[in-house]
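Worksheet for the structure shown next.
The values are calculated or read from the model by the stated rules, or taken from the named source; none is laboratory data. The structure presented is a predicted model; accordingly, all values stated were derived computationally and were not measured. Cβ atoms come from the backbone with ideal geometry, glycine included; neighbour counts cover every protein chain shown.
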Amino acid sequence: MKIAMKISALLASLSVFCSAAHGDLKMPALFSDNMILQRNRSIPIWGTADAGEAVIVRLGERNVARARADAQGKWMVRLAPQEAATGLSLSVTGKNALIFRNVAVGEVWLCSGQSNMEFRVANVNDAAGEIAAANYPNLRLFNVARNATATPQSDVKGSWAACTPESVRNFSAVAYFFGRELHQKLGVPVGLIHSSWGGTAAEAWTSREALQNVPLLQPLVQNSDKLVENYPALFEKYQKETLPAWEAEVARAKAEGQPAPAKPTGPNAPDSPNRTSSLFNGMIAPLIPYGIKGVSWYQGESNAGRAEVYRTLFPTLISDWRARFGQGDFPFYWVQLANYQALQKEPVEGGWAMIREAQTLTLRLPRTGQALAIDLADRDNPGDIHPRNKKDVGHRLALLALNREYGQKTIDSGPIFSSMTVTGNQVRLSFQNSDGLKAAGAKLLGFAISGSDGVWKWADATIDGNQVVLSSPEVARPVAVRYGWASNPLGNLYNGANLPARPFRTDMDAEK
């Protein structure tokens with residue numbers, strides 16, 4: 001009898017527990033201990049509860065807002081704007097209560113892209129020293145776990161952590177150096193949300209709706225859908241034809257004492273991170289509408305072979321994110337691709353020059369900025385697509401933010417071509433941000449000129465005050481100039497702020 005009563009009581013308690021658990025107030029992973037909320041603007045807080053459940057949200061002592069869950073159990077409040085602060089608690093109360101501690105209010109930046117944004121602090125120059133010094137209690141880090149999905153998700157995996165040697169080791173190096181400088185210069189808490197995946201294209205980070213609304217980009221969606229539709233047949237062919245053929249080649253090479261060929265990669269699976277919109281769905285959509293100051297972005301290598309499309313795709317991504325976060329035209333800063341591969345030999349080589357130009361053209365959007373990395377690759381290892389000098393990359397991104405968003409007036413860019421005049425066989429170039437114009441080295445390099453025949457020749461270049469003068473004995477009547485026009489250009493023009501000149505060409509319209 002006693003045993004039966006105990007079982008009955010246990011079942012009753014389990015029933016109560018399960019009932020309570022089903023209706024528990026829940027919030028996304030972005031809301032955790034150590035979080036940083038964006039200062040000086042309304043603060044969106046959201047989650048789920050039972051339909052119709054009343055929810056009270058309190059930040060600190062006085063910042064309070066109330067909501068009621070809708071028919072789907074979703075609720076949201078917007079707390080009043082708040083100045084920078086530390087040591088706060090955020091309480092959310094419904095039928096149960098959630099309390100988050102060590103909450104701060106400050107500057108929040110979303111840092112995204114592909115492998116050069118994903119590149120860890122553990123792999124940078126002087127990694128041991130940088131890691132050992134990384135003790136910043138009010139610099140907070142959030143790593144979004146990789147997740148490629150076919151439909152938009154409502155949550156991510158991750159949690160906020162104060163910056164320590166342990167937490168920074170595997171964090172994005174570019175994001176860390178960028179955020180650390182903001183934290184040190186502004187003297188306020190800074191939160192960094194890192195969401196990137198190596199080897200991924202920009203269309204994977206853009207919503208399906210945004211791509212479908214632009215005729216030039218619609219084929220990206222259609223081709224991706226077709227690959228998913230055909231995946232079973234493609235995978236079967238891979239297993240039955242491609243792999244056996246490779247195995248035969250391996251056996252033949254082994255018998256002849258030759259190196260074995262690399263195993264061929266199979267077709268992209270439906271959950272591939274390069275499926276259009278898959279990373280937007282899994283790694284950006286769940287962050288919306290968390291309050292952010294802006295975005296720092298390092299991506300483009302995976303789109304380098306499609307620069308013409310990137311001219312439209314990249315600004316579409318930016319506009320898409322801005323519209324969906326609903327926080328206006330927040331600042332969006334990116335890194336122009338670093339120098340890569342063998343050092344330039346011919347006056348004009350192309351390569352990554354086109355994707356860099358596509359990045360530069362995106363500056364037509366308001367509140368955008370570009371940090372150059374054209375001089376930051378490892379000169380002794382030019383074939384490494386992941387330069388280890390990420391400190392200067394983060395610094396140059398920080399210059400953009402400090403100058404343009406935080407009122408700390410400084411030069412945030414190297415020389416930018418503005419105009420040219422031709423007199424006889426001589427070209428005179430003018431630049432913005434040209435104070436202290438100089439060459440890094442004994443001779444100014446990287447300029448090429450051509451006549452009406454379109455044949456490019458290296459130019460003899462000299463600095464005359466804040467201008468550059470070009471000529472070549474092989475070009476009697478110059479009509480066009482290019483600078484830094486290669487994957488790994490020779491250019492060495494800087495201004496007094498020690499920032500490199502942006503690659504450019506004056507004949508862009510001629511190639512359209």
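List of remarks:
- Against the numbered list (1) among the aliphatic types (A, V, I, L, M); (2) farther than 30 Å from LYS390 by Cβ; (3) outside any helix (DSSP H, G or I), ILE292 comes up short only at (2).
- Evaluation of GLY87 against (1) surrounded by fewer than 14 Cβ atoms within 10 Å (Cβ to Cβ); (2) part of a strand (DSSP E or B); (3) under 28 Å from the mean Cα position of the chain (by Cα) (one fails), failing number: (3)
- Residue that is of a type in the set (A, V, I, L, M, F, W, C), crowded, with 21+ Cβ neighbours inside 10 Å and touching a residue at least 40 places away in the same chain (Cβ under 8 Å), where the choices are ALA476, ALA501: ALA501
- Residue match in the range 308-319 (condition: at pLDDT below 95 and under 16 Å from the mean Cα position of the chain (by Cα)): no
- All positions within the range 37-82 that are among the basic types (Lys, Arg) and part of a strand (DSSP E or B): ARG58, ARG66, ARG68, LYS74, ARG78
- Sub-6 Å Cβ pairs linking a first residue in the range 131-157 that is under 18 Å from TRP109 (Cβ atoms) and aliphatic (A, V, I, L, M) to a second residue that is part of a strand (DSSP E or B) and at pLDDT 95 or above, at least 6 apart or interchain, are ALA134/CYS163; LEU139/CYS163; LEU139/VAL190; LEU141/ALA161; LEU141/CYS163; LEU141/LEU192; VAL144/SER195, ordered by first then second residue.
- Hits in the range 114-164 - residues which are part of a loop (DSSP other than H, G, I, E, B) and closer than 26 Å to LEU186 by Cβ: PHE119, VAL124, ASN125, ASP126, ALA133, ALA134, ASN135, VAL144, GLY158, SER159, THR164
- Residue list for the range 435-485, restricted to those being under 23 Å from ASP412 (Cα atoms) and of a type in the set (Ser, Thr, Tyr): TYR483
- Just one of the listed residues (LEU216, LEU227) is modelled with pLDDT of 95 or more and either closer than 26 Å to GLY407 by Cβ or of a type outside the set (Val, Ile, Thr) (or both), namely LEU216.
- Complete set of residues in the range 248-263 that are among the acidic types (Asp, Glu) and surrounded by fewer than 12 Cβ atoms within 10 Å (Cβ to Cβ): GLU256
- Any hit, the range 163-184, residues being more than 20 Å from LYS391 (Cα to Cα) and of a type outside the set (S, T, N, Q): no
- In the range 111-153, the qualifying residues are those that are more than 18 Å from the chain's Cα centre (by Cα) and acidic (Asp, Glu), and the one that is nearest to ALA285 (Cα to Cα) is GLU130.
- Qualifying positions in the range 410-439 - without any contact (Cβ under 8 Å) to a residue 60 or more places away in the chain, among the hydrophobic types (A, V, I, L, M, F, W, C) and within 29 Å of GLY394 (Cα to Cα): LEU437, ALA439
- Flag for LEU216 being among the aliphatic types (A, V, I, L, M), surrounded by fewer than 17 Cβ atoms within 10 Å (Cβ to Cβ), under 24 Å from PHE280 (Cβ atoms) and not assigned by TED's automatic domain parsing to the domain that holds ALA133: yes
- The residues of the range 119-147 that are exposed (fewer than 14 other Cβ atoms within 10 Å of the Cβ) and either on the phi > 0 side of the Ramachandran plot or of a type in the set (Ser, Thr, Tyr) (or both) amount to a single one, ASP126.
- Meets criteria (touching a residue at least 12 places away in the same chain (Cβ under 8 Å), surrounded by fewer than 22 Cβ atoms within 10 Å (Cβ to Cβ), touching a Pro at 6+ places or on another chain (Cβ under 9 Å) and more than 30 Å from GLY106 (Cα to Cα)) for TYR483: no
- Only one entry of GLY454, GLY436, GLY441 meets the criterion of being of a type outside the set (A, V, I, L, M, F, W, C), over 17 Å from SER418 (Cα atoms) and modelled with pLDDT of 95 or more, and that entry is GLY454.
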